[in-house]
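Rule-based calculations on the coordinates, nothing more; no lab input. Quick caveat, the model's predicted, so the values are computed rather than measured. Cβ: placed from backbone, ideal geometry, glycine included. Neighbour counts: every protein chain shown.
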Amino acid sequence: MTAEVWLPIAPEEIEGLPEGPRYLFWDGAEEFPADPADCSFYVVPYMKPAGIGVRPLPEMTSVEVVQTLSAGTDHVQPGLRHLRPGVRLCNARGVHEASTAELTLTLVLASLRGIPDFVRAQDRGQWLGGFRPALADKSVLIVGYGSIGAAIEDRLAPFELARVARVARSERTTARGPVHPLTELPSLLPHADVVILSTPLTQETRGLADAEFLARMKDGALLVNVARGPVVDTKALLAELESGRITAALDVTDPEPLPPGHPLWQAPGVLISPHVGGPTSAFLPRAKSLLADQLTRFVNHEPLRNVVLTTGA
């Protein structure tokens, strides 16, 4: 039987797709392109409202691979309970590192140097001078040291930092230095001028930046979240922002999208971008390359890249 592959990018736009499978385009439309029960390789539509990507999963009785085009897979995992054992879930490691790291650096520099204040002053025709914090000589803590966390440190390297500390789920050593386990966060937070969250959303990291976490941050520190909104306790963050003790730059929020009138919009000392870490001109070329490679591996029965989990394992 010919394998069916559901793609959210038109197959004729992807160079290097292997011959053999039947390629079908589906980007979250109301109607499915075919019977989901016949799909062997499912690529989840990218940047769609919650629930769209998991909608066909209960009917995908023959699927062997679920591939996301996002670094995180939390939006898909609730639907995995409908799948038979042995289905591989793969993420888009290698697609978003450059763009997300660029945005992280943008948020850090814009927040420290007061760029939002300058833009507002420009709208008023006001020359707003004065001293601002520099990134040079600061201590940075990266919480979540996977490929995105490492890409962030790569871009921080030229900025003459005093120190970079790294935290991940498990302790290890890298070429740049040690990676501390999450259990050491309480002792590391008080020393960081900038705390960057780039961890996946898991049961362990949901609400990680809670009131206790934020209270341990030093006065005047900057919290940057490019992970997932629920990694931060929004109520606790609002209390700290309104006190003026810390500042924040958020590419993700909880809730998301942030609704009009939410107090986070007007909180002092916060810069908000609308979850734009991944969608840049760098996305499509990297996503197409990943899909061509993964599907070639799939057709040739070779090991897939970026396997996050296997159902039933």
Original post:
Using modelled amide H (1.01 Å from N, peptide plane; none on Pro or chain starts), what sits under 5 Å from the amide H of residue 271, excluding residues fewer than 5 places away?
Top reply: 248, 249, 250
Original post:
For segment 15-32, what does the Karplus curve 6.51 cos²θ - 1.76 cosθ + 1.60, with θ = phi - 60°, yield as ³J(HN,Hα) per residue in whole Hz, taken in order and with x for Gly and Pro?
Top reply: 6, x, 5, x, 6, x, x, 9, 9, 10, 8, 8, 10, x, 5, 4, 8, 6
**OP:** Please report 152, 115 as a ranked list, fewest other C-beta atoms within 10 angstrom at the top and most at the bottom.
**Re:** 115, 152
Original post:
What percent do you get for the relative contact order of the chain when only Cα pairs under 8 Å and 6+ apart count?
Top reply: 18 percent
**OP:** For residue 218, list the lysines whose Cα falls under 23 Å from its own Cα; do not include residues on the same chain fewer than 8 positions away.
**Re:** 138, 235
Original post:
Hey, fewest Cβ within 10 Å first, where do 137, 293 land in order?
Top reply: 137, 293
Original post:
Leaving out same-chain residues fewer than 8 places away, which aspartates and glutamates sit with a Cα under 14 Å from that of residue 48?
Top reply: 27, 30, 74, 256
Original post:
To the nearest 10 degrees, how steeply does helix 234-243 sit against the main Cα axis of the chain, on a 0 to 90 scale?
Top reply: 20 degrees
Original post:
How much FRET efficiency would the formula 1/(1 + (r/R0)^6) give for residue 313 and residue 238, where r is the Cβ-Cβ distance and R0 is 25 Å, rounded to 0.05?
Top reply: 0.05
**OP:** Sort segment 272-313 into rounded, prolate or oblate with this rule: let a ≥ b ≥ c be the square roots of the eigenvalues of the Cα gyration tensor; rounded if a/c is under 1.5, and if a/c is not under 1.5, prolate when a/b is larger than b/c, oblate otherwise.
**Re:** oblate
Original post:
From the phi of every residue in segment 216-226, what ³J(HN,Hα) in whole Hz does the Karplus formula 6.51 cos²θ - 1.76 cosθ + 1.60 yield, where θ is phi - 60° and glycine or proline is x?
Top reply: 7, 5, 5, 4, x, 6, 10, 9, 10, 10, 10
Original post:
What list do you get for 283, 41 if you sort them by fewest beta carbons within 10 Å?
Top reply: 283, 41
**OP:** Apply the Karplus parameterisation 6.51 cos²θ - 1.76 cosθ + 1.60, with θ equal to phi minus 60°, to every residue of segment 57-68 and state each ³J(HN,Hα) to the nearest whole Hz, in sequence, with x for glycine and proline.
**Re:** 4, x, 9, 8, 7, 10, 5, 10, 9, 10, 10, 8
Original post:
What are the residues whose amide H is under 5 Å from the amide H of residue 114, where those residues sit 5 or more places off or on another chain and H is modelled from the backbone?
Top reply: none
Subject >> Residues residue 48 and residue 219, FRET efficiency given R0 of 45 Å [Cβ-Cβ distance, rounded to 0.05] >> reply: 0.65
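Return the FRET efficiency for the residue pair residue 131, residue 155: r is the Cβ-Cβ distance, R0 is 22 Å, and the value is rounded to the nearest 0.05.
0.35
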Original post:
What order do you get for 220-228, 268-276 when each peptide is scored by the mean count of other beta carbon atoms within 10 Å, highest first?
Top reply: 220-228, 268-276
Subject >> Cα centroid of segment 258-300 to Cα centroid of segment 198-256, whole Å >> reply: 19 Å
**OP:** Find which of 186, 80, 222 sits farthest along the positive direction of the dipole of the chain, computed with +1 on the beta-carbon of Lys and Arg, -1 on that of Asp and Glu, about the Cα centre.
**Re:** 186
**OP:** Can you pull the one-decimal nm distance between simple spin-label points at residue 22 and residue 84, each 7 Å off the Cα toward Cβ?
**Re:** 1.8 nm
Original post:
So what's the angle, to the nearest 10 degrees on a 0 to 90 scale, between helix 147-156 and the longest Cα principal axis of the chain?
Top reply: 40 degrees
Original post:
In degrees between 0 and 90, to the nearest 10, how far off the longest principal axis of the chain does helix 115-124 point, with axes built from Cα atoms?
Top reply: 70 degrees
Subject >> Amide N proximity, segment 275-293 versus residue 109 label position 7 Å along Cα-to-Cβ, cut-off under 19 Å >> reply: 276-282
**OP:** Name the residues whose placed amide hydrogens come within less than 5 Å of the amide hydrogen of residue 161, ignoring near sequence neighbours (fewer than 5 apart) on the same chain.
**Re:** 137
